[in-house]
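Note sheet for the following structure.
The values are calculated or read from the model by the stated rules, or taken from the named source; none is laboratory data. Please read these numbers as outputs of a predicted model, since none were measured by experiment. Ideal geometry is used to build each Cβ from the backbone, glycine not excepted, and the neighbour counts take in all protein chains shown.
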Amino acid sequence: MMADEGRPAVPTPSARQASLLDTVKAVASSFFGVRGRSAHEQDMAKLNPIVVIGVGVALAAVFVLTLITIVRMVVR
């Protein structure tokens, strides 16, 4: 008998996925460089890389738009 060969791994209940808010917090703290090593390791186990990329692009866009808005307000 070949146990579990060829079958995808089934996540255990303790391996829960991170929520969108958890992902936003992790990406935001990485923008500032304040994420600790243990928190980073926990995030790597829970976060979906595709969601992290999407949140990172969205937060970067918000940051750039905020800077443009501030500059336009100052220049007026």
* Structure fact -> Filtering the stretch 26-68 down to residues that are β-branched (Val, Ile, Thr), modelled with pLDDT under 95 and farther than 21 Å from ARG16 by Cβ yields VAL34
* Asked: If you scan the stretch 25-76, which residues turn out to be basic (Lys, Arg) and either touching a Leu at 6+ places or on another chain (Cβ under 6 Å) or in a helix (DSSP H, G or I) (or both)?
  -> LYS25, ARG37, LYS46, ARG72
* To do: For residues that are within 12 Å of the chain's Cα centre (by Cα) and either exposed (fewer than 12 other Cβ atoms within 10 Å of the Cβ) or over 14 Å from ALA26 (Cα atoms) (or both), tally how many sit in the stretch 49-76.
  => 4
